[in-house]
Amino acid sequence: RTLEARGLDATPPLQAKLAKAGDARAVAILDVILRDEIGHVAIGNRWFAWLCAARGLEPLAAYAELATRYRAPQLHPPFNLEARRAAGFTEPELCALLAPRTSSKAARTAPADPGGGALPEPPRGAPK
């Protein structure tokens with residue numbers, strides 16, 4: 001949800017540069033890649049929502065916990081909100097993404113909680 005979705009954000013600026021350089025074919029190819037990437041991110045979002053529901057976790061809080069625990073990179077604009085919506089990001093998730101950052105670098109680089117924190121380890125097999 002962090003790095004895979006970043007591909008959604010990176011595509012439009014890259015397309016703009018390629019269009020400015022006159023490479024319409026590359027822009028068209030990136031349209032196909034973006035469409036596929038939306039599908040990939042949507043699958044990840046679907047499973048994340050499913051796991052949160054199965055474990056009784058609130059998705060926005062669970063994501064924030066995971067991002068902190070595993071030291072996910074801090075995301076910065078520009079964000080492709082249209083593509084993120086198409087991939088299943090909710091409006092509260094997008095609002096959190098756009099909210100001004102108040103955390104310090106020290107907070108982002110704090111050691112992960114070795115005790116496991118609020119999220120349990122995943123089960124060996126997911127029920128169908």
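The values are calculated or read from the model by the stated rules, or taken from the named source; none is laboratory data. If you're wondering where the values come from, they're calculated on a predicted model, not measured in any experiment. Because the Cβ atoms are built from the backbone with ideal geometry, glycine has one as well, and the counts that use them run over all protein chains shown. To get the accessible areas, we keep the full protein, side chains included, count just its heavy atoms, and leave off ligands, DNA and RNA. Shrake-Rupley method; radii C 1.70, N 1.55, O 1.52, S 1.80 Å.
Every condition in (1) free of Cβ contacts under 8 Å to residues at least 24 places away in the same chain; (2) open to solvent by less than 70 Å² (accessible area, probe 1.4 Å) is met by residue 24 except one, and the failing one is (2). Taking the stated definitions as given, is residue 1 within 20 Å of residue 99 (Cβ to Cβ), in a helix (DSSP H, G or I) and of a type in the set (Lys, Arg)? Against the criterion (within 20 Å of residue 99 (Cβ to Cβ), in a helix (DSSP H, G or I) and of a type in the set (Lys, Arg)), residue 1 does not qualify.
State yes or no: is residue 51 over 16 Å from residue 3 (Cα atoms), within 12 Å of the chain's Cα centre (by Cα) and open to solvent by 50 Å² or more (accessible area, probe 1.4 Å)? It is false that residue 51 is over 16 Å from residue 3 (Cα atoms), within 12 Å of the chain's Cα centre (by Cα) and open to solvent by 50 Å² or more (accessible area, probe 1.4 Å).
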